[in-house]
Each structure stands twice: as C-alpha cells, then as structure tokens.
1. May I ask you to order 395-402, 503-510 by the average number of other C-beta atoms within 10 Å around their residues, highest value first?
2. Can you list the residues, at least 5 places off or on another chain, whose amide H is less than 5 Å from the amide H of His474, using H built in the peptide plane?
3. How much length would be gained if the chain were fully extended between Ser208 and Glu233, taking 0.36 nm per residue of separation minus their Cα-Cα distance, in nm to one decimal?
4. Over 29 Å between Cα atoms, which of Lys113/Lys363; Lys113/Lys512; Lys356/Lys510 qualify?
5. Around Pro423, under 9 Å between beta carbons, what's the net of Lys plus Arg minus Asp minus Glu among the other residues?
6. How far apart, in nm, are the 7 Å Cα→Cβ label points at His199 and Ala77?
7. Over segment 473-549, with every protein chain in place, what whole percent of the accessible area is carbon and sulfur at 1.4 Å, could you tell me?
8. Hey, rough spin-label estimate for Ser131 and Ala498, points 7 angstrom out along Cα→Cβ, what's it come to in nanometres?
Amino acid sequence: MLDHKDLEAEIHPLKNEERKSQENLGNPSKNEDNVKSAPPQSRLSRCRAAAFFLSLFLCLFVVFVVSFVIPCPDRPASQRMWRIDYSAAVIYDFLAVDDINGDRIQDVLFLYKNTNSSNNFSRSCVDEGFSSPCTFAAAVSGANGSTLWERPVAQDVALVECAVPQPRGSEAPSACILVGRPSSFIAVNLFTGETLWNHSSSFSGNASILSPLLQVPDVDGDGAPDLLVLTQEREEVSGHLYSGSTGHQIGLRGSLGVDGESGFLLHVTRTASSLCGCSVKGLYEKVTGSGGPFKSDPHWESMLNATTRRMLSHSSGAVRYLMHVPGNAGADVLLVGSEAFVLLDGQELTPRWTPKAAHVLRKPIFGRYKPDTLAVAVENGTGTDRQCPLPPQILFLDLGTGAVLCSLALPSLPGGPLSASLPTADHRSAFFFWGLHELGSTSETETGEARHSLYMFHPTLPRVLLELANVSTHIVAFDAVLFEPSRHAAYILLTGPADSEAPGLVSVIKHKVRDLVPSSRVVRLGEGGPDSDQAIRDRFSRLRYQSEA
C-alpha cells in the first residue's frame, strides 16, 4: 500500500512539486549536486541550437552578398533584327554560325568579294598580296551585327569548311579551311581570323575543284581527321589528301576512277574503312605507296567491282545528293537521285524501304514530325512523267519505314534557297520552306523576278502554313538558327547579285522568328479548322525551341 506522502503526491502533484522546490532552496548543497548531475543531453541540445542559428545566419549572409553585393554578369542585349550592307560586292553561298566572341550567342561567319572591307581597320587585298577585288572572310556578332573580325583570305574561294576537329588534347584553336583559287590551301583561326597555315595546292590549273571538302579518318597519326579534296580534269576525278592539322599534302595525287556526275560523301563503316565511290584505303595506297592505318572490311571489299574498284549504285538516274542520316558512326545514308530517293543501310548498302519516285527540287532536310521520331522533308517537283505529272508538294517521310506522314502543296522554283528546321520543346521540329509569294500562282515583281516567301510549318497544325516574310531580291544562302540555347530562334539571309561577275548590293540580314508571327499571313491548305487566324498566330508565338542534344 502507498504511504501517506506518496498518496498525497499522487492526489496533489503540483503541491508535491512546490514542496520539492522549497526543499531544494533550503538545501543549496543538494541543489549543486543536482546541477552537477544534470544529464549531458541538455548541454548538447543548447550547442545544437547555437549551431543551427549560426548556420542560418551564415546562409542569410551568403544570400545577401550574392543578391546585392556581387554584380550579376551583363547579359548582352540581342537585337531582334539587324542588317549589314556591302556595296559593289559579291556574296558566296556559305554561311556558318558559332559563338566566336564567347557571349553565349551564336555569331555569323560568311564570305564576300569586294575591293575594300566594310571598315577602315581591316587589311586590304594588297596588304595580303592579292589583287583587287579579293575574297574577305567576316565574322559578325549575332547579337547586334557588329563586326568581330574581317580580313582578306584568298583571291577567290572554291571550298570552305569550318567544322574541322583538332587533334586530341591539342590547344590549337578551331579553324576554317579554305581551298582558294588559283592554288592556295588556307586555315584561319575561327575566333580571330588570323592565318594558322597557308600552303600552295598541287591542283592542276585546268582542274575543277569538286564539292564538298571531305574529312577522312586520321591518316598521319596526329589525332586529327585529315582532309580529302576532289578535283576533276576532263572525265577523270582525282583525290588529294592533306593533313587536317598542318595542311601539308600526304603523298601525291590519286585517281578515283569515277566521273564527276554524282555527288560525293565520305561514309565510315564500323571497321573504319571509308568509301567515297571507291575505298579511301585504296586511294591512300595509291598516293603514298603504303597501306596506312586503315583496316580492310571484307564485306565492303566484296561490294566493289573487281576491275574498277567502284561501288554499285542503288540510284535511279544521276545521284544528286548523298546525306548521312543523323546518328552514330555507321549510320544510314539517304541517296537522292534525279528520279527517286531511298534510304540505304549504313553497313549493307541495301535499301531499308522501297525507293520513292520523285523529282527533288533541292536538298532534303531532317527533322521530327512525330515526337522523337526522325523524318525527312523532301521538296518534290513535277516529276519526269509528262503524261501523269506529280503536283509540286513537300513530302514528310518517316525515316524508319518510308511511310508518307504528310504532304503539303507548296509551289516553288528549282534552285531556290535551301529549307531548314529547328527542334521545338515538344520534341518535334518547326520547318521553314521557301515558296512563291502567292501560294498557287506565279507572282512576279516589276523586274520580272519571282517573289519568294518564307513559310513556317509545325506538325501540330498539319493544314496550316504561316507566311513570315517575302523577298524579291536574289537569295544566295539561308538558315534558321537558335542563337541562344533553348531560346531566340531567328533566320539569317544572304542576298546579292545572281551573277558573280556583276557586283552589286550584298546584304546580311537577321530576323527573330517570333517578331514576324504577329504580322504573318495564315495560309490554309485544306478545310478551315475551328481556330481563327489570330488563334493560329498565337499558337506559333507560343512555340518554344530547344537545342540539339
């Protein structure tokens, strides 16, 4: 049983606590003993509280310093539209973009021929040992069109390539390789325009330089891809190998044993044996007399003719374009002929789907019609069958199956500007095509030239085109560019004289795509949907773009 004190403590707990408190006050020695015997957890909790408040103070201090004391880096203001004009000049069909000045905005590189540069600080043709006029290379800011660098590079230019990888581990700057006329082989620093190396080429004076400039796997062992220049003299096509890092020629000239009527493409197999109508391994043996670093691919060797060492063609008619399908090494090849086009397996060179009859007006482009599904857009002309001509149209084909995903009626002229595409945030692509100004007619300006309009298409609106702009001057080059990562989609236009022997006004123009949408014209290709023209413009304005993976 409970004694009297315990029973009272249970009934009146507060009184019991008061009694204990008074006892402690009356007995200080006992109180000190209780303090000494206090558990260490209470002291530890006080230390934790102090550490917490100290950490909180430090975090607030860091946030204050970052937000108000340290200045944010200045983001360059990117103009929505700019234009550069050159008088009495000729523009080349070359356009490249890269971040040259390091401001995270893509800049524009192009070539033009003129007597003098556009500013007084650039060197003249005579300063570089050329007669006037000569070819200038120019890099301008994508943000505002200001000149980053500009200098004479050659008397005339036949080929140019700016995506040339450097040796592994090398600190060498990115370069643009130019094959000049009459006999020059030049590399310039992409970021400064300074000459990295300059050699005389070994091309015959009567030889024509064929496009494009091809990159081959590393031959001289310096870790950088090397270069293959193709030339044609009468009916013979020859190859010239050059070091991609020094520009020195590797060996002598070697004949490919093919004519120059077809397009050229370097295709690398899994065993690093490369073919361009014939084996590059065989070409290397011809020009150097040794086997080189190439491996033999028995399967591909068996596909070459034993006598001519040429590869069999799967094209109906002359080959107009050979295109690598985006992907890893050994990817597929799109072969576009004068009468049909087909996708070939990258290793077996066998058709992946039935060839499609077409009269292709210009080089096809790749994009995504369905989410994350690669497609090809082909601008098809009237065809070769006069009894049953095909209507002019744009065909979107699934690259995996060859099935037609969509067709658009868009009359255009052969030889017009190339089309372009940009990836959008919905894992599709926005496509840009050039067609006649009045869709379905042949509108011409007062000067008699056909007026071209830039049309925009997105797969989510399959029966609608948006006419963004129309141009009456001669268009030399065009591209749609994402100037900043995941934002700021714009197009670049190079216009100038159609005759390279008759200099005239040359213009380099940038327009932001979104700024052109509010004033654009909606073109409906079928039965009108429920959306109004303004609602369609709003949907195009809300498109978000993304950088390529």
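1. Descending mean neighbour count gives 503-510, 395-402.
2. Distant-sequence amide H within range of His474: Gly496.
3. Stretched fully, the Ser208-Glu233 segment lengthens by 8.4 nm.
4. Pairs exceeding 29 Å: Lys356/Lys510.
5. +1
6. Calculated label separation equals 4.8 nm.
7. The value for segment 473-549 is 48 percent carbon and sulfur by accessible area.
8. Calculated label separation equals 2.9 nm.
The values are calculated or read from the model by the stated rules, or taken from the named source; none is laboratory data. None of these values were measured; they are calculated from a predicted model. Quick reminder, even Gly has a Cβ in these numbers, built from the backbone with ideal geometry, and neighbours come from all protein chains shown. Keep in mind that these areas ignore ligands, DNA and RNA; they rest on the heavy atoms of the full protein, side chains included. Shrake-Rupley method; radii C 1.70, N 1.55, O 1.52, S 1.80 Å.
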